[in-house]
Amino acid sequence: MTSPHRPYSSQLAYDVGLLVIRLAAGVILFTHGTQKLFGWFGHGGLDATGHYFTLSGYPAGTTFALIAGLTETLGGIGLALGFLTPLAGAAALGAMINALAVTWNTGFFAPDGFEFTLLLAVVALGLTLTGPGRIALDHFVPVLRHHRLAYGVAAVILAAAASVVVLIIRG
């Protein structure tokens, strides 16, 4: 039995859970972004990624590789730190929507399928809508201190709109 002064589920438990999810997603996005930009972690860097983007139907593949790398890197940092979380989540979600468009016909299961990309998209969507919790830099940003669902919904709309524009350009 719980006392009226100690709720069964504590806010701290939610905050710690959100921190763990943010850190995991943020680090994964950061590493994938820096692979694209700098060739870190065993990847070919911007030129190789640009070539892949060109083969995947993006005009100016290197430019789109740069955009994707920056989006994943900065979105990952923002999610990990809980800084400008609605925008960081929107960046991650937009990047994953485009990645899903490229990998959708490869099947569901890894290593070539889209399951991992879908998971990252859903995590980004969830964090964008829920906010970072109290263990985040957003806690020190007055307008973001108390996350509102409207912030998350607006960020999701932004991610969807940006993704549609990029996919239209891709053709």
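The values are calculated or read from the model by the stated rules, or taken from the named source; none is laboratory data. Just so you know, these numbers come straight off a predicted model, no measurement behind them. Cβ: placed from backbone, ideal geometry, glycine included. Neighbour counts: every protein chain shown. Remember, those area values only see protein heavy atoms, side chains included, never the ligands or the DNA or RNA. Shrake-Rupley method; radii C 1.70, N 1.55, O 1.52, S 1.80 Å.
Can you tell me the accessible area per residue over the range 39-107, all protein chains present, probe 1.4 angstrom, in square angstrom?
Working: 3140 Å² over 69 residues.
For the range 39-107, the per-residue accessible area is 45 Å².
Relative to the longest principal Cα axis of the chain, at what angle does helix 11-38 sit, 0 to 90 degrees, rounded to 10?
That helix lies at roughly 20 degrees to the long axis.
Could you tell me what percent of the accessible area of the chain is made up of carbon and sulfur, with a 1.4 Å probe and every protein chain present?
Values: 7060 of 9620 Å².
That share works out to 73 percent.
Give me the percent relative contact order of the range 1-128, please, defined on Cα pairs under 8 angstrom at least 6 residues apart. The partial results should precede the final answer.
Numbers: 178 pairs, mean separation 27.9, N = 128.
Computed value for the range 1-128: 22 percent relative contact order.
Which one, Ser163, Met96, Gly131, is farthest towards the positive end of the dipole of the chain when Lys and Arg carry +1 and Asp and Glu -1 on their Cβ?
Most positive-ward Cα: Gly131.
Read through the labelled values (1) 36, 23, 14; (2) 32, 16, 15; (3) 25, 18, 15 and report the label of the one computed as semi-axes √(5λ) of the Cα gyration tensor in Å from the structure.
(2)
Using a 1.4 angstrom probe and counting only protein chains, how large is the accessible area of Phe30 in Å², to 10?
Answer for Phe30: close to 60 Å² accessible.
Are there chymotrypsin sites (Phe, Trp or Tyr not before Pro) in the range 104-140 that DSSP marks as loop and that have at most 15 other Cβ atoms within 10 Å, and which are they? Spell out each step's value before the answer.
Working: sites: Trp104, Phe108, Phe109, Phe114, Phe116, Phe140; in loops: Phe108, Phe109, Phe114.
When the chymotrypsin sites (Phe, Trp or Tyr not before Pro) of the range 104-140 are filtered for loop state and at most 15 Cβ neighbours within 10 Å, Phe108, Phe109 remain.
With label points built 7 Å along Cα→Cβ from the Cα atoms of Arg148 and Ile168, find their separation and express it in nm.
Distance between the two pseudo-spin positions: 2.9 nm.
Express in Å², to the nearest 10, the accessible area of Thr31 obtained by rolling a 1.4 Å probe over the protein heavy atoms while all chains stay in place.
Its heavy atoms expose roughly 40 Å² to the probe.
Quick one: helix 85-103 against the long Cα principal axis of the chain, what's the angle to the nearest 10°, folded into 0 to 90?
40 degrees
Please check: in the Gaussian network model of the chain (C-alpha springs, under 10 Å), which one of Ala80, Ala101, Ala65 has the largest mean-square fluctuation.
Highest fluctuation among the options: Ala101.
For helix 45-55, report the angle its Cα long axis makes with the longest principal axis of the Cα atoms of the chain; keep it between 0 and 90° and round to the nearest 10°.
Between the helix axis and the principal axis of the chain, the angle is about 70 degrees.
Which FRET efficiency, nearest 0.05, do Thr106 and Leu129 yield, Cβ-Cβ r, R0 30 Å? Please report the intermediate quantities before stating the final value.
Details: r = 28 Å, r/R0 = 0.92.
That gives a FRET efficiency of 0.60.
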